[in-house]
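The structure under discussion appears below in the form of structure tokens.
Laboratory data are not the source of any read-out in this text; all were calculated from the coordinates shown. This structure is a prediction, so every number in the text was calculated from the model and none was measured. Reconstructed Cβ throughout: ideal geometry from the backbone, glycine too, with neighbour counts over all protein chains shown.
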């Protein structure tokens, strides 16, 4: 049997290599919140003829509109970001662009979000994550009759959220990718996926503990990892297949949502085997040490 | 054994029902096996088959479905609006009925545009009331917003002196008594007959005006207009001076409630302010749905191939179970009905992954048992039993998350956005169904087909 747990440090190191750059980026640049969080307007137009973002920018600046960004989102299609607008202003923009380009642009998308909604969403998301973590922790701890399983599963789960937040901070800084409601949904999904995966491995540990009560804990963990690794990979592969298909072929609106899920799935698969399990070992060793100290 | 045969029939029955639900409501059948011979003309078929929807009556409860997939705004195109209700002027106790009245009023106004199935919800966040309006496929949204945003106008009108009977709306003249004078309306019950009636309570000022109006209109109708449309025209029986009036009639409880809500729209007028607006052009929706469906099918195909390649015959059985899973899910979407959004589709796709997972867990266990030297059949039964613990615990964790995201009790400290809910609903349904297909369908299929294989060899 492969003694997986001898290389625990390597697994933690690998996680650190992935997480630290993201964490640094998160602290330095933060995330790029979409108008779902900040409030603002998002207008997407398809124009009748070729036009550059600079031209659109000039047209709007001329009339005193405060433009955050203009992004090409397809053939003759542009995404405009502005502060929250009154609907009269939107009509004004459309008229202005019609006048300047000679034909009326087709309105593909138009969103206005008031600033209060954004903060609310943020708070609600954090509440949802904490609540979800608490419920899952208690369920796992109850089912496995030991708090360490619950706590380690949640720690592995936070590993995945850090990976996702970090990578989206990097993506946001370098490619202008925004974090929106869909990202929040992806984050919550991955948290449940990660725990799902972790529980399957832990289930083996639980079972072996009953069958071989004399075997050292570390050997039990090795056994559980060996037994579940192919299942874990196969399962993740099926999800990754679906997500890859969606990412490469799916619509524009879900692209980054799917990307977030994909990053999360890979991270979740890794963390369930190579973080959640070694963490159990660390916990076990620490509690052994404390017991020994007490004896002295 | 008996139980196993029952399960097989159950699975087959469910498949048949879901196929019936899943097929499009109109199928055009056209084939010709008569080879031009007139005596075989009955083999020539050219007709449209209409699959009717469901209508069941179970006592009072009526279950009716047209069995079409409902598409959300992001797929069908349309407008999503969030209004904030300005409740400052309305006493705290009356706020829920005020927002309910505003909701009803908005619905009526949208219906003026002839829009099919607008979705209007109220949500409470802290002490703020909101109205969420979703209108599929409406072109001129600005006009709609203007109309929706107006505050309701309630007016009491009396018959013009020269008209003895109301023949048209123009026969009614304003009385100067408006929604401002009405304090509130509520459903009451007649103490003698127990019949539901609608009670009106006027302000001090309004009571005086109402007394005058009823005084000169005894035995004549006084009509109540909401936004220039007549709501009701009860006949005055006597002069009412107390400021407490009752409209009685052969109301059912629902009718009385509805009338009371309409009157409240005028009595408790709530100014509303738009705080969020999202328009999705129909083209974007169409593009996304087409691409996502295509991507979903390709992904599914890859999963099917992968399973068959890795697990051989067992994999094929799991694939069959997956198809059953797909059929059942789609049927459930149509029956509930689930409004499908882009995140909803993503939730469905993820749930496919989880459905496969249940099978993978079982197969890995079976392989293990066979490696230890157990017979195929013993390995199969043991595999299912052993895998169950982990399948249950893992899926319960996902269901917990779905529960929090769906927020079924609309707790105001959690998300109530339709997008997140749609996702949670499809994922949750998917997980629940995948437990069923993973345990019941795959098992039955394996028992039926894998076993026979054994006997033959």
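Values for this structure:
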read-out: Calculated FRET value between residue B:193 and residue B:19, using beta carbons and R₀ = 51 Å, to 0.05; value: 0.50
read-out: Gap separating the Cα centres of region B:233-254 and region A:54-82, nearest whole Å; value: 59 Å
read-out: Sequence-separation-based contact order of chain B, relative, with Cα cut under 8 Å and 6+ spacing, percent; value: 17 percent
read-out: Spin-label pair residue B:313/residue B:151, simplified geometry with 7 Å Cα→Cβ offset, distance in nm; value: 7.7 nm
read-out: Residue A:75/residue A:287 FRET efficiency (R0 45 Å; Cβ-Cβ; nearest 0.05); value: 0.15
read-out: Expected 222 nm ellipticity per residue - DSSP helices of 4 or more, -39500 (n - 2.57), all of the protein assembly as shown, to 500; value: -20000 deg cm²/dmol
read-out: Calculated FRET value between residue A:66 and residue B:294, using beta carbons and R₀ = 45 Å, to 0.05; value: 0.70
read-out: Three-way shape label, region B:282-456, alpha-carbon gyration tensor, a/c 1.5; value: prolate
read-out: Length added when fully stretched, residue A:88-residue A:127, from 0.36 nm per residue minus Cα-Cα; value: 10.4 nm
read-out: Using alpha-carbon coordinates, inclination of helix A:276-295 to the longest axis of chain A, degrees; value: 50 degrees
read-out: Whether region A:40-113 is rounded, prolate or oblate, judged on the alpha carbon gyration tensor where a/c under 1.5 counts as rounded; value: rounded
read-out: Order of A:274, A:144 - criterion: other Cβ atoms within 10 Å of each residue's Cβ, fewest first; value: A:144, A:274
read-out: Chain A: relative contact order in percent, alpha carbon pairs under 8 Å with at least 6 residues between; value: 24 percent
read-out: Spin-label model distance (nm) - residue A:95 vs residue B:305, 7 Å beyond Cα toward Cβ; value: 5.6 nm
read-out: Rounded tilt (10° steps) of A:255-274 against the dominant C-alpha axis of chain A; value: 10 degrees
read-out: Alpha carbon centroid spacing (whole Å) that separates region B:271-312 from region B:357-371; value: 31 Å
read-out: Cα-projected label distance for residue B:86 with residue A:252, points at 7 Å along beta-carbon direction, nm; value: 3.7 nm
read-out: Residue-span extension gain [residue B:108 to residue B:254] - 0.36 nm each, minus C-alpha spacing; value: 50.9 nm
read-out: Alpha carbon centroid spacing (whole Å) that separates region A:193-238 from region A:102-146; value: 31 Å
read-out: Which of B:367, B:334 has the fewest Cβ neighbours within 10 Å, and the rest in rising order; value: B:367, B:334
read-out: Three-way shape label, the protein assembly as shown, alpha-carbon gyration tensor, a/c 1.5; value: prolate
read-out: Extension gain (nm, one decimal) between residue B:411 and residue B:217, 0.36 nm per residue minus Cα-Cα; value: 64.9 nm
